[in-house]
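Worksheet for the structure shown next.
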Amino acid sequence: MDRPYDAVVVGAGPAGSATARDIAGAGYRVLLLEEHRSVGQPLHCSGLVTPRTLQLAKVDREVVVNEIRGALIHRPSGSPLAIGGDGVRALALDRVRFDEALAAQAQSAGAELLLSARFAAFEREDGLVQVHAEQGGRRTRFSTKMLIGADGAQSKVAKQL
């Protein structure tokens, strides 16, 4: 049997890729599983974030599509409320490029990225977690010390727990 991974991260969205990047960057062996054929697709979420989010993600400004300095909010009463000023309040991102950049950072830090790998189940065995995934109609299994579910609001990892 191959040496177990220190961590298997399910989901290569922003949370999963950043987590894999940081763990791999600390010198640990990490596997990042993504159920889709490419990172960031299909698009599940808008790309409206604060400038601080981009800074924390350590992603270049190349993914920024627009800077938002203000907005007109329509209250339930019908009267508008203007917010804004000179500063940038939010950034509109190209979410696919943002996700791809984070996954690339994870790989540069040493994480292995496995595409088209759908998490199926896990079980505990001999002090490790056995992660079962399906890839191309084949079932595969990975041993790890830690399983991280970053697979979205309908997390299969969380449901099994």
Exercise for the section: Note down all Cβ pairs under 8 Å where the first residue falls in the range 41-59 and is under 15 Å from Ala90 (Cβ atoms), the second is open to solvent by 100 Å² or more (accessible area, probe 1.4 Å) and modelled with pLDDT of 90 or more, and they're at least six residues apart or on different chains. Expected result: Gly47/Val65; Leu54/Arg61
Practice task
Working only within the range 1-34, note down all residues that are touching a helix residue (DSSP H, G or I) at 6+ places or on another chain (Cβ under 6 Å) and among the aliphatic types (A, V, I, L, M).
Solution key: Ala7, Val9, Val10, Ala12, Ala18, Ala20, Val30, Leu32
Practice task
With the checklist (1) over 15 Å from the mean Cα position of the chain (by Cα); (2) at pLDDT below 90 in hand, flag the one item Cys45 doesn't pass.
Solution key: (1)
Handout entry: Test result for Glu67, closer than 24 Å to Pro14 by Cβ, in contact with a helix residue (DSSP H, G or I) (Cβ under 8 Å, 6 or more places away or on another chain) and modelled with pLDDT of 90 or more
Key = no
Problem - the range 129-145 - residue that is closer than 19 Å to Ala111 by Cβ and open to solvent by less than 90 Å² (accessible area, probe 1.4 Å) and, of those, modelled with the lowest pLDDT - result: Gln135
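The values are calculated or read from the model by the stated rules, or taken from the named source; none is laboratory data. Nothing here was measured: the structure is a model prediction, and the numbers come from that model. So basically every Cβ, Gly included, is an ideal-geometry build from the backbone, and we count neighbours across all protein chains shown. These accessible areas exclude ligands, DNA and RNA; they are computed on the full protein's heavy atoms, side chains included. Shrake-Rupley method; radii C 1.70, N 1.55, O 1.52, S 1.80 Å.
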